[in-house]
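Working notes, beginning with the structure itself.
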Amino acid sequence: MNWKVFFFLNSVICIAIACNNGDILKPEKIDTYLSETSEERTMKVNFQDSCIYSLVYIPTEVAFLKAHNGKTSKTELDSLQKHRNDYVNFQFRIEPTENFHFQANHSFENSLTSDEKRSKYIVEEMKNDFFIIAGKDTIKPVFYHYEKQFGLKNEILIHLSFPGNFKKFDSSTLYFINRLINKTEIAGILIDKETINKPLNIEL
C-alpha cells in the first residue's frame, strides 16, 4: 500500500495525543491496530445488483505513522498537534457483487478498449465523482489516489482526503457517482460522527 502517496497532502499534519479517552496506539503496533479496528472504522452500503461500497476511516495518526514507518517524536506530536483535524482520510472500496463486472458508462475515444476506458476514467476523472454533503456545504476531496490492485481481486481501492471542517456538523454523507457501470448509480454513505471524532492516544 502506497501510504507515502496517500499522505502527500497531509504531510504538515501531526499526530495529536488526545487528552480524553480513546484507543491507545504504540507506533510499532500500527499494522495490528489497522487489522483489529478495521470493522469498527468501516461504514458500508450494499447495492444488491451491482456493488458493495465500503468507506474506511483512516485516523491522521495512522496515516502519519505509516508514511514515516512508525517513527515519530514527542516534539513532532506536540508542535503539530493543532493541525490534527485539518483533514479527514478515508479508504473507499468498490467491490462488485457476485457475477457482476465493471463496465464503463462514460464517453472516451472510440479507439480505446473497455478496460482502457475504465482505467482512464479511474485515474483522470473519477475524483470528480466524490463529494461530502454536510449541512448546506458540498465538500470535494483535496487528495485522491487510486491504488492499483494486482492479482485476482476484482475491486477498486481509492484513498481520499477531505478538509476536516465538516466534522463540526451533526450529520454528513459521502456520495459517489458510479459511472463504472452501464446504469449510473449514486451511493451515499452516512459518515459516523463518533468514529471520525474518536481520539487516538499515541504511546511513545
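Say the cut-off is 28 Å between C-alpha atoms; which of 117/167; 44/167; 120/198; 120/193; 148/168; 66/136 go over it?
On the way: 117/167 35 Å; 44/167 19 Å; 120/198 37 Å; 120/193 34 Å; 148/168 33 Å; 66/136 34 Å.
Checking Cα-Cα distances, 117/167; 120/198; 120/193; 148/168; 66/136 exceed 28 Å.
Couplings 3J(HN,Hα) of the range 115-123, computed from phi: 5, 5, 5, 4, 5, 5, 4, 4, 6 Hz, in residue order, whole Hz [Karplus 6.51 cos²θ - 1.76 cosθ + 1.60, θ = phi - 60°; x for Gly and Pro].
3J(HN,Hα) couplings calculated from phi for the range 50-59 with the Karplus curve 6.51 cos²θ - 1.76 cosθ + 1.60 (θ = phi - 60°) are, in sequence order, 9, 9, 9, 10, 10, 10, 10, 6, 10, x Hz; Gly and Pro show x.
Bear in mind these aren't lab numbers, they're just calculated from the coordinates by the rules spelled out. In this text, all values refer to a predicted model and were calculated from it rather than measured experimentally.
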